[in-house]
């Protein structure tokens with residue numbers, strides 16, 4: 001998990017950039033919604049104040065804005081079998 005580390009004597013103190021549950025969900029979405037027919041890897045870029053995670057999957061046409069992404073919507077993963085494995089494993 002990406003975070004900042006400090007030490008108090010021999011005790012390591014970690015402070016994460018954002019909630020671990022959110023980061024986990026972002027990574028799972030990147031894996032499940034990736035188009036594996038293309039040879040492009042999932043890309044993760046870490047900056048001091050943000051993290052970008054990108055894959056070459058496409059958003060469904062009806063989710064054409066960020067606001068719509070946060071509304072209730074159906075899930076249409078590129079890899080339904082992989083998505084099912086992740087759903088059952090959680």
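The values are calculated or read from the model by the stated rules, or taken from the named source; none is laboratory data. Given the structure is predicted, the values throughout are model-derived calculations rather than measurements. Virtual Cβ from ideal backbone geometry, glycine too; neighbours counted across all protein chains shown.
Descriptive notes on the structure:
- Of everything in segment 7-31 that is modelled with pLDDT of 85 or more and not in a helix (DSSP H, G or I), the residue that is farthest from residue 87 (Cα to Cα) is 9.
- All positions within segment 51-87 that are touching a residue at least 12 places away in the same chain (Cβ under 8 Å), closer than 23 Å to residue 18 by Cα and not in a strand (DSSP E or B): 55, 86
- Top-ranked residue in segment 25-67 [being in contact with a helix residue (DSSP H, G or I) (Cβ under 8 Å, 6 or more places away or on another chain) and over 24 Å from residue 89 (Cβ atoms); ranked as surrounded by the fewest Cβ atoms within 10 Å (Cβ to Cβ)]: 62
- The single condition among (1) under 17 Å from the mean Cα position of the chain (by Cα); (2) within 30 Å of residue 5 (Cβ to Cβ); (3) loosely packed, with under 10 Cβ neighbours inside 10 Å that residue 70 does not meet is (2).
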